[in-house]
1. What about V153, is it under 26 Å from S56 (Cα atoms) and more than 14 Å from the chain's Cα centre (by Cα)?
2. From the list W88, W82, which residue is farther than 25 Å from T162 by Cβ and aromatic (F, W, Y)?
3. Looking only at region 121-146, count how many residues are part of a loop (DSSP other than H, G, I, E, B), touching a residue at least 60 places away in the same chain (Cβ under 8 Å) and of a type in the set (A, V, I, L, M, F, W, C).
4. Can you find a residue that is modelled with pLDDT of 95 or more, over 22 Å from the mean Cα position of the chain (by Cα) and hydrophobic (A, V, I, L, M, F, W, C) anywhere in region 43-61?
5. Farther than 20 Å from L144 by Cα and aromatic (F, W, Y): which single residue out of F72, F57 fits that description?
6. How many residues does region 66-81 contain that are under 25 Å from the mean Cα position of the chain (by Cα) and among the small types (G, A, S)?
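The values are calculated or read from the model by the stated rules, or taken from the named source; none is laboratory data. No experiment lies behind these values; they were computed from the predicted model shown. Note that we place each Cβ from the backbone using ideal geometry, even for glycine, and neighbour counts take in every protein chain shown.
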Amino acid sequence: MAFLGHVREFLKSDESKARVLKFLAKFLIFAIPLYIILYFNLEWQQLESSIAGIVSFLLGAMGFAVQRGGDFISIPVSGGQWGAFINWDCTGWKSFLALIALVMATDFSLDKKAKGLAVMLPALFAVNIARIVFMFWFVSDFGLAYFDLVHLVIWSWGLILTILVFWAIWMRWASGKTRNTKQKN
C-alpha cells in the first residue's frame with residue numbers, strides 16, 4: 001500500500017505526469033519491432049537451432065540420454081520418451097525486445113543504455129536457456145502432470161519478472177543509486 005501512495009504522490013505533479021507519458025510513448029515506439037515480427041510471422045531459424053544445440057549439450061552434460069533431431073529434443077521419462085520442439089517462442093525473442101524497449105525508453109545516456117544491454121541481454125539469454133533445461137529436468141523427475149502449469153509460470157511470469165528485476169537493477173545503477181554510492185555534500 002505504501003508503494004501505491006508513493007506512486008500517487010509522484011503522479012500529482014504535471015512534470016511527473018509528462019515524464020511518465022514520455023516514457024510510455026518511447027516504450028511504444030521501441031515496441032514496434034515486436035509488432036512487425038508478429039504481423040509478418042518472422043522467425044530466425046538459426047537461433048532456434050542454436051538454442052536446441054545448447055540445450056541438448058547441457059542436458060547431455062547433466063547426464064540425460066538426450067536425443068536431438070533438428071530442433072526436436074527428447075529425453076527418456078518413466079514409461080518411454082518425452083520431447084519438445086525448440087520453436088521461435090522458445091528463443092525468448094519477445095523478452096529481449098521488451099527489455100530493449102524498457103531500457104531505450106528511459107532518459108539515460110546511450111552509453112549507459114548500451115552498457116546495461118551488453119550485460120542484461122546475455123544474462124537474459126542464459127536465464128532463458130536455464131528455463132528450457134529446467135523444463136526438461138522437471139518432466140524427467142516429475143512427469144507431465146504439472147507440465148502446463150509449470151511451463152506457464154516459468155515461461156510467462158518467470159521471464160516477465162526477470163526482465164523487470166534486470167531493468168530495476170539497471171535503473172538503480174544508471175541513476176547512480178547504489179548501496180556503495182556515498183552522497184557528497
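1. Numbers: under 26 Å from S56 (Cα atoms): yes; more than 14 Å from the chain's Cα centre (by Cα): no.
No; evaluated as a whole, the condition is false for this residue.
2. Details: W88 fails: farther than 25 Å from T162 by Cβ.
Just a single option satisfies the conditions, and that option is W82.
3. Step one: filter region 121-146 for residues part of a loop (DSSP other than H, G, I, E, B), giving 143-146.
Next, only the ones that are touching a residue at least 60 places away in the same chain (Cβ under 8 Å) stay: 143-144.
Add one more test, that the residue is of a type in the set (A, V, I, L, M, F, W, C), and what stays is 144.
Count: 1.
4. Within region 43-61 (the criterion being modelled with pLDDT of 95 or more, over 22 Å from the mean Cα position of the chain (by Cα) and hydrophobic (A, V, I, L, M, F, W, C)), the answer is yes, since at least one residue qualifies.
5. Going through F72, F57 in turn, just one is farther than 20 Å from L144 by Cα and aromatic (F, W, Y): F57.
6. Summing the residues that are under 25 Å from the mean Cα position of the chain (by Cα) and among the small types (G, A, S) in region 66-81 gives 2.
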